[in-house]
Amino acid sequence: MSEPMLSVDKLEVVYQRAITALQGISLGVAPGQIVGVLGTNGAGKSTLLRAISGFHGVDDARVTEGTIRFEGRRIENGEPHRNTRAGIALVPERDKVFPNLTVAENLSVPVASSGSRADMSRRQALVFHHFPRLGDLRARTAGLLSGGERQMLAIAGALMCGPKLLLVDELSLGLAPVIVSDIMQKLVQIRRELSLTMIVVEQSAAVALAVVDYGYVLENGRVVLDGDATRLRDHPDIREFYLGQSSAGGRRSYRTVKQYRRNRRWYG
Amino acid sequence: MQLAVNIAVLASIYALIACGYVLIYRVSRVLNLAHGELMMLAAYLLLTTASSFAGHPLFAISAAIGLSILVGAMVYLFLMRKMTGEMALAAVLATVALGVLLRGITVIVWSAQQQYPATALGLVNPSIALPGGARISLCGALLVACTAVAYGSLLAFLRFGRWGVRMRAAGQSPLLAAQRGINLHAIYAIAWSLSTFTGAMAGMLIALDSGLGQTMTIIGLKAFPAALVGGLDSLAGALAGSLIVAAAEVLLIHYVDPLLSEVVPFLVLIAMLVVRPWGLFGTREELDRV
Ligand SMILES: Nc1ncnc2c1ncn2[C@@H]1O[C@H](COP(=O)(O)OP(=O)(O)OP(=O)(O)O)[C@@H](O)[C@H]1O
Ligand SMILES: [Mg+2]
């Protein structure tokens, strides 16, 4: 495996100096990879992405242990705008657009990491090419957009930052499955054109496992399982809890279950 | 006719001061209760630069404006930076303390006497006759013009300027703005500088027009209702609020009792708070804050 672009090592995140949300999280993302982070509500997925993108004062959150390295430089507890300019852009779970600005204004807000004008307008053209709907809605106030349009705008806004690493938090949240697969497809296409590296956070394993190269499963702030997409897809626990399939197909051998338990203990 | 001119001049004064309150509140949700004192400080700085650059009024004025912009940025960087965005109450209290401090400093440095920067600069302030028999002082006319230019350029900047749009974005959602690569400290420092800049213009013009003393902070305080009446986060609202407050003040002074002058803005404010607590432009501005 090539040198990781992002490496997270034994990360611990504490909210309000008291609530431990992540513990001993380690993961690596190689350039060009799509890495998925799965987990149920409250597992700590958003916290992980927020830790990578940088906490803001009002979050009252801190990385208390461990490190995050991006292209070799340590960025844990860095300010969000610095991390963005270093090349990490986030599509947040909530508050993902500026509701009182128009679509066009939303896209002019980002301060690009490689800030040349020509680069910005090239990027904007790319965004409108892949999301033509946003072009039609240029003058619309973002607060009035539908969920799908808002998600497109959020992705477009993150892309306008000129990232190398794109973090996407719950693309599928509150969207119809057709729209989700449509946006996901566009995203994969854009990623190829811009040679982006991505981390996608999902509750819906079906959405994530369709596109990721490698995945991690979080539970109560710890990694309980990781592996490439095929391994995760075939894993009985994933099939049962995340894909909603019964594991009656006889594939659930005693050995894999034990391995899962063992993984659990390792990371815990 | 003279009444209309008086209203226009007073409304310009209030509006030029009020936009300072609005700018800072809108971008960082902090009420700057030291705005009147910062404005007064600018006028006193003009007094000092006037004696250092004798014979160059424009030079002295630009130096004083430059200094006050610097003061505004410093206030943010050294005092407000820690509090902005996190502790709203602490931030407001800090501005109150700053105001008291500035008042003390100006008395110690420049004494509490009424002073006249216009004489120090060697400027005259002739009264100009307007069609219709009304008269306006040169400084009054300048005030109206400055306010018009200030509002025109601020509105254009916020609407079309790249950094103006970013300021609006930061005001709406600081976290997302930071995640989009915007340095919030830079944005807040710009807001403080712009705010002290407009305040300084107001302070200097008032001082040139009618002299300078500790009472200037009261003018600053009286402009606060004007900003509040407009909804506090809308420039257009501040303009409308200033007109309302100024009109009420001038008319009541003229037809009822000159002693009312000090209380009228606050009467208007109270009436407003009873009828429309969110301010004149409050609700609509929730969706479209320009
Ligand atoms: N600002 C906060 N202050 C205190 N605790 C928080 C805060 N944000 C999140 N938490 C806690 O941290 C844990 C992880 O939350 P997080 O939002 O990362 O979960 P998640 O995996 O993204 O869940 P979901 O799928 O519902 O979005 C939860 O127990 C949550 O209560
Ligand atoms: Mg989440």
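Since every read-out is calculated from the coordinates, none of them should be taken as a lab result. As the structure is a prediction and not an experimental result, all values here were calculated from the model. No Cβ is skipped: glycine too gets one built from the backbone with ideal geometry, and neighbour counts run over all protein chains shown.
Points worth noting:
- Percent of beta bridges antiparallel (DSSP, the protein assembly as shown, rounded to nearest 5): 60 percent
- Sparsely packed trypsin sites (Lys or Arg not before Pro) within the stretch A:101-206, loop by DSSP, other Cβ within 10 Å at most 14: A:ARG138
- B:GLU249 sits among other residues whose Cβ lies under 14 Å from its own Cβ, and their net charge, with Lys and Arg +1 and Asp and Glu -1, is -1.
- Only helical runs count toward this figure. For chain B, summing -39,500 (n - 2.57) over DSSP H runs of n ≥ 4 and dividing by all residues gives -24000 deg cm²/dmol at 222 nm.
- When the Cα positions of B:PHE160, B:ALA43, B:ALA118 are compared along the charge dipole of chain B, B:PHE160 comes out farthest toward the positive end, with charges on each C-beta of Lys, Arg, Asp and Glu.
- Neighbour net charge for A:LEU49 - beta-carbon separation under 14 angstrom, K R +1, D E -1: -3
- Considering the protein assembly as shown, its Cα convex hull presents a mean projected area of 30.7 nm².
- For the stretch B:98-182: rounded, prolate or oblate by the Cα gyration tensor [a/c cutoff 1.5]: oblate
- Axial C-alpha extent at least 20 Å, average Kyte-Doolittle at least -0.5 - helices from chain B (DSSP): B:2-28, B:35-52, B:57-74, B:88-110, B:138-160, B:184-210, B:216-229, B:235-255
- Projected onto their three principal axes, the Cα atoms of the stretch B:1-136 cover extents of 53, 37, 25 Å, largest first.
- Highest-MSF residue in chain B out of B:LEU208, B:LEU31, B:LEU93 [GNM, Cα springs under 10 Å]: B:LEU93
- Helix-only CD estimate at 222 nm, as mean residue ellipticity for chain A, using -39500 (n - 2.57) per DSSP H run (n ≥ 4): -10500 deg cm²/dmol
- Sorted by Cβ density within 10 Å, fewest first, the residues B:TRP110, B:TRP192, B:TRP163: B:TRP163, B:TRP110, B:TRP192
- Neighbour-count ranking [beta-carbon atoms within 10 angstrom, fewest first] of B:CYS19, B:CYS146: B:CYS146, B:CYS19
- Gyration tensor verdict on the stretch A:133-188 (Cα atoms; rounded if a/c is under 1.5, prolate if a/b is larger than b/c, oblate otherwise): oblate
- Prolate/oblate/rounded call for chain B, Cα gyration tensor, a/c under 1.5 rounded: oblate
- Other residues lying with their Cβ under 15 Å from the Cβ of A:GLY78 contribute a combined charge of +3, Lys and Arg counting +1, Asp and Glu -1.
- Pair-distance distribution P(r) for the stretch A:76-138, from all Cα-Cα distances in 5 Å bins starting at 0: 4, 15, 21, 27, 21, 9, 3, 1 percent.
- With the convex hull constructed from alpha-carbon coordinates only, the stretch A:18-125 shows a mean projected area of 8.6 nm² over all directions.
- In the protein assembly as shown, a dipole from Cβ-located charges (positive for Lys and Arg, negative for Asp and Glu) runs towards its positive end, and of B:ALA15, A:GLN23, A:ILE88 it is A:GLN23 whose Cα lies farthest in that direction.
- Candidates A:MET198, A:MET160, A:MET120, ranked by Gaussian network fluctuation over chain A, Cα under 10 Å, top entry: A:MET120
- Candidate cross-link partners of A:LYS45 among the lysines, defined by an alpha-carbon separation under 17 Å and a same-chain spacing of 8 or more, comprise A:LYS10, A:LYS96.
- Across the alpha-carbon atoms of chain A, the computed radius of gyration and Dmax are 18.6, 59 angstrom.
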